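K.L.:
Encoded as structure tokens, here's the structure I'll be asking about.
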Amino acid sequence: MPDPRAFRIDVGPFRLEPTPDVGTWTAVPSEADGGVASGITAAWSDWVAFAEKVSRADELWREREARGDAWDEGFSAARDAAATNPYR
């Protein structure tokens, strides 16, 4: 059975390619993007920490968007005399 640490990992706009050092991967752009390689090589634990930070930032962004949507709905309900504002 081949070692799974020797396979590249595709993650959207970039991919992680294994290096000769078994414990590290290097971020390079996907072929479709045609960008310049980042040259960032890090251990698996560093990539996991990076993914957790990205996930947390996405969570915060979605929370802010939901608050904005709720405010918009409440504002539009307050402007219509016949509407009831569910947020009051």
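The values are calculated or read from the model by the stated rules, or taken from the named source; none is laboratory data. For clarity, every value in this text was computed on a predicted model and none was experimentally measured. All Cβ positions, even for glycine, are placed from backbone atoms using ideal geometry, and neighbour counts span all protein chains on display.
K.L.:
Where in the chain are there strands (runs of 3 or more DSSP E), lying fully within it, with 2 or more residues that are touching a strand residue (DSSP E or B) at 6+ places or on another chain (Cβ under 6 Å) and at pLDDT 80 or above?
P.N.:
Output list reads 14-18, 24-29, 41-43.
K.L.:
Output the qualifying pairs, or none if there are none: Cβ atoms under 9 angstrom, residues six or more apart or on different chains, first residue in the range 45-56 and surrounded by 10 or more Cβ atoms within 10 Å (Cβ to Cβ), second residue among the aromatic types (Phe, Trp, Tyr).
P.N.:
Trp47/Trp25
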